[in-house]
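See structure below.
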Amino acid sequence: MPEIRHSVCALDCPDCCALTLTVENERATRLRGDATHPITRGFLCGKVAQYLEREYSPGRLLYPQRRVGAKGEGRFHRISWDEALDTIAGHLGAVAAEFGPEAILPYSYAGTMGLLNGEGMDRRFFHRLGASRLDRTICSAAGMTGMTQALGVRYSTEPEQFRHSRLILAWGANILGTNVHLWPFIMEARRQGARFYTIDPRRNRTGAAADKHFFINPGSDTALALALMHVIIGENLYDAGYVASYTEGFDGLRARVQPWTPRRAAELTGIAADEIAALAREYASTRPAVIRLNYGVQRSERGAMAVRTIALLPALTGSWKDTGGGLQLSTSQAFHLNRPGLERADLQRKSLGREARIVNMTELGAALNALDHPPVKALVVYNSNPAAIAPNQNAVLRGLQRDDLFTAVLEQFQTDTADHADILLPATTFLEHTDLYFAYGHYYLQMARPALPAPGEAKSNVEVFRLLAQRMGFDDPCFADSEDDMIRTLLDSPHPFLRGITLEQLDRDRFVRLKISEAGEPFLPFASGGFGTPDGKCHFHAEELDYTPPVESRHGDAELRRKYPLELISAKNDDSMNSTFGHRDAVDRSTAELHLNSADAASRGVQPGDPVRIYNARGSCVLSAVVDGTVLPGVVSAPSVRWGKRAPGKRSVNALTSERLTDFGGGPTFYSCLVQVERIGD
Ligand SMILES: Nc1nc2c(c(=O)[nH]1)N[C@H]1C(S)=C(S)[C@@H](COP(=O)(O)OP(=O)(O)OC[C@H]3O[C@@H](n4cnc5c(=O)[nH]c(N)nc54)[C@H](O)[C@@H]3O)O[C@H]1N2
Ligand SMILES: Nc1nc2c(c(=O)[nH]1)N[C@H]1C(S)=C(S)[C@@H](COP(=O)(O)OP(=O)(O)OC[C@H]3O[C@@H](n4cnc5c(=O)[nH]c(N)nc54)[C@H](O)[C@@H]3O)O[C@H]1N2
Ligand code: SF4
Ligand SMILES: [Mo]
């Protein structure tokens, strides 16, 4: 008899969908979106609708293995779990004894968003070991910093409220590709007459579906936001009442944006001055108006400032008062779980007597090749595929190929990173283990139990780090915690948003809305102040607002631009998830494309379908030319992230991207990247 089971999609996506599985004889035959979940609403994105392909793929890793070929070659032999764990524990112990435990570096990101498998037993283990701490900047560090600078907190408009909006701006947000469960709310608003605009250097699928698309030069969003403020203030379109009651520093802001005329911004952004002025008027005079800001704007050198400046706009127009107004970047900070209790940073005192050093994950290439006192001698990778996704790929691969580096990798598939492992461990998928999930695109806390048996000898990250802790002789009681113990710890929080939420309730209901407002009432966090500042007001801090173009941009370093005249954007591929589905042929094909404008193609003699070499001083890769009007002259776009090993020369676009960090927050600058393109085969 088929049975219905439930799970939660653990991929790094704002939607954090609730899933329904049909299971027969312990094998899933169908996977759907949960129809009762208020955001999932019964449908899935294209990539996860096919997740059972991944679950049952012949490419799944099933047994622990030891490398027998050269690093990167991908040849391995099966070994037992005992041998694998003893080998890892032996190497970690030896490295700690010879170089100090900070010579060990964990490397992980959001392969799973589950808290237990993503930042639970692993953190406890590395803290107790005294390993270097990883600063997990690779995705959102700049944007989180910008939001905090602007609002003092990092949560805001609920997705459900978008249905009440009259004007929706998707700003650096590819909603149809990366956040598709917001779309029905936008469509509901549009059916009632709302307009939907996109601001993006690419006219992606979302832009093509918009009422109006604004092509903006990469990394110039701050200039646009400042000019919008110039018009809104100059034409008295701001909400004087809101500004007087709930903001601080308005006079300074007025003076600061005075020189930011639409004309000046037009030169920097590429958007015509009259269009900027018209957008400002429409945004300020339409109620409610909402901005869906996504992380696209903050993967550039001025990313934090861009987010900060844009996030100040609703305070100027008073849009925070309106149901269906405001702005959304992330909802994550509202999940005030007891993370210190989960992660146990205090355990560092036992090993080191102090806090361990911090290594920025965006600078992995530098860390593996140039870090000293101590150098990185052991690397443990899980929930991430740095050989493909980290910038400056040539440096990263050089580091991973070091003979004196011991590398352990916990993976579901034979990724580029897995190819470089000394010991490779098979990991479970989110359908196979217990976890607790926050979300960054809505306000429902969710829990999932294993819905399917783990194949072969695959183990969860929680279990692997529990076993490694035993091997290392760590007898602190927290290493014996069960998954349920860890969830109870997380829920043990005094914050009112979590009031009364229990493991038993999550087990029964699977998803629970945070106590952010009364049931049925919209969450309007800043309707009357409530910002995360001592006085609860939004502080403009106008003296800190500023814009200079990224070094790697059309208005940046002129010398560099002469050699590398094109701005490369390697944004998310619609039908994959970073490098997670890189094993799929269809994904490999779409991430092998370089989209260019017809003018840039013609001047290089490039025809659609031609293989092209794309290069700069850091490296090169080969892609296939597509000329489809999605970008203007001067911009090229490569949907990402491809598995390098499937590409000619074994390199993906991250051979081109740099380790330069953002203005604030230490984030990556994937989308500030100058390149040249040439036809191959002349
Ligand atoms: N299908 C799919 N969904 C995903 C992912 C995926 O790989 N594929 N990845 C997940 C992850 S890890 C994340 S962080 C989220 C990210 O979700 P998004 O932030 O929506 O994704 P991005 O593709 O990085 O950027 C969005 C848009 O910003 C544009 N952009 C780039 N530079 C600029 C700029 O300077 N200014 C402006 N205005 N726009 C710019 C890009 O062209 C892109 O269309 O998506 C998640 N969901
Ligand atoms: N050029 C370019 N580079 C980028 C980006 C871009 O837009 N352009 N985006 C950046 C961003 S926003 C992000 S977030 C990063 C993402 O970088 P990563 O977090 O490394 O994401 P993925 O490439 O999806 O790799 C996640 C890996 O975790 C594995 N995994 C999943 N679940 C589990 C589990 O439970 N246990 C274990 N052990 N493994 C698991 C998957 O099999 C997969 O190989 O990439 C960044 N790199
Ligand atoms: S990737 Fe996002 S949209 Fe797709 S199923 Fe997972 S949470 Fe939902
Ligand atoms: Mo991300």
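The values are calculated or read from the model by the stated rules, or taken from the named source; none is laboratory data. Owing to the predicted nature of the structure, the values given are computational and were not obtained by experimental measurement. Counting neighbours? That spans all protein chains shown, and the Cβs are built from the backbone with ideal geometry, glycine included. Quick note on the areas: whole protein, heavy atoms, side chains included, nothing else; ligands and nucleic acids left out. Shrake-Rupley method; radii C 1.70, N 1.55, O 1.52, S 1.80 Å.
What to note about this one:
- Normalised size of the range 13-166, defined as Cα radius of gyration per 2.2 N^0.38 Å with N residues, equals 1.43.
- For the chain, the longest principal axis of the C-alpha atoms and the axis of helix 221-234 are separated by about 30°.
- Dipole magnitude of the chain, debye to nearest 20 (Cβ charges: Lys/Arg +1, Asp/Glu -1, about Cα centre): 880 debye
- The C-alpha radius of gyration of the range 377-429, expressed as a fraction of 2.2 N^0.38 Å, stands at 1.05.
- Per residue, the Cα convex hull of the range 177-229 amounts to 98 Å³.
- Here the range 519-577 and the range 1-74 have alpha carbon centers that stand 33 Å from each other.
- Counted over the range 142-329 with a bin width of 5 Å, the fraction of Cα pairs per bin, in whole percents, is 1, 9, 18, 22, 24, 17, 7, 2, 0.
- Take the Cβ atoms of Ala70 and Gln50, set R0 to 30 Å, and the FRET efficiency comes out at 0.35.
- Using the Cβ-Cβ distance between Ala97 and Lys350 with R0 set to 22 Å, the FRET efficiency from 1/(1 + (r/R0)^6) comes to roughly 0.85.
- When a 1.4 Å probe is rolled over the protein heavy atoms, the share of accessible surface on the range 334-375 that falls to carbon and sulfur comes to 50 percent.
- Note on surface exposure: Tyr63, Tyr283 rank Tyr63, Tyr283 by accessible area, highest first, 1.4 Å probe.
- When the Cα positions of Gly318, Trp260, Ser165 are compared along the charge dipole of the range 142-329, Ser165 comes out farthest toward the positive end, with charges on each C-beta of Lys, Arg, Asp and Glu.
- Accessible surface area normalised per residue over the chain is 35 Å², counting heavy atoms of protein chains with a 1.4 Å rolling probe.
- Annotation for the range 186-282: GluC sites (Glu not before Pro) lying in DSSP loop with at most 15 further Cβ atoms inside 10 Å of their Cβ are Glu235.
- Cα gyration tensor shape of the range 558-679, rounded if a/c is under 1.5, else prolate or oblate by comparing a/b with b/c: oblate
- The range 203-269 and the range 145-173 have Cα centres spaced 15 Å apart.
- Between the range 459-502 and the range 86-128, the alpha-carbon center distance in angstrom: 16 Å
- Pairwise FRET efficiency - Arg357 versus Asp251, Cβ, R0 = 51 Å, nearest 0.05: 0.70
- Put a plus charge on the Cβ of each Lys and Arg, a minus charge on the Cβ of each Asp and Glu, and nothing anywhere else: the dipole of the range 47-116 about its Cα centre is then about 380 debye.
- Length available on full extension from Ala244 to His555: 0.36 nm per residue minus the Cα-Cα distance, which gives 108.3 nm.
- Remark on Leu134: its backbone amide H falls under 5 Å from those of Val359, a criterion applied only to residues 5 or more positions apart or on other chains, H modelled at 1.01 Å from N.
- Residues of type lysines that Lys350 reaches as a straight line, Cα spacing below 25 Å, ignoring anything fewer than 8 places off in the same chain: Lys377
- Integer Hz, Karplus 6.51/-1.76/1.60 couplings in order for the range 90-96, x for Gly and Pro: x, 5, 5, x, 5, 5, 4
- The listed residues Phe511, Phe531, once ranked by accessible area (1.4 Å probe) with the largest placed first, stand as Phe511, Phe531.
- Cα→Cβ-extended label distance, 7 Å offset, between Ser332 and Asp404, nm: 3.5 nm
- The range 373-385 - phi-based ³J(HN,Hα) in whole Hz, Karplus 6.51/-1.76/1.60, Gly and Pro as x: 6, x, x, 7, 10, 9, 10, 10, 10, 8, 6, 6, 10
- Remark: the Asp82-Asp585 segment gains 177.6 nm on full extension, using 0.36 nm per residue and subtracting the alpha carbon distance.
- Gain upon complete extension [His495, Arg281; 0.36 nm per residue less C-alpha separation]: 73.1 nm
- By the Kirkwood approach, averaging reciprocal distances over each pair of separate Cα atoms, the chain gets a hydrodynamic radius of 25.8 Å.
- Extent of the range 416-494 along its three principal axes (Cα atoms, max minus min coordinate, largest first): 42, 32, 23 Å.
- Cysteines not pairable in the chain (beta carbon separation under 4.7 Å absent): Cys13, Cys16, Cys45, Cys139, Cys478, Cys538, Cys621, Cys673
- Along the range 576-581 the Karplus relation, 6.51 cos²θ - 1.76 cosθ + 1.60 evaluated at θ = phi - 60°, assigns HN-Hα couplings of 9, 9, 6, 9, 4, 9 Hz to successive residues, with x for each Gly and Pro.
- Angle in degrees between helix 273-285 and the longest Cα principal axis of the chain, rounded to the nearest 10: 80 degrees
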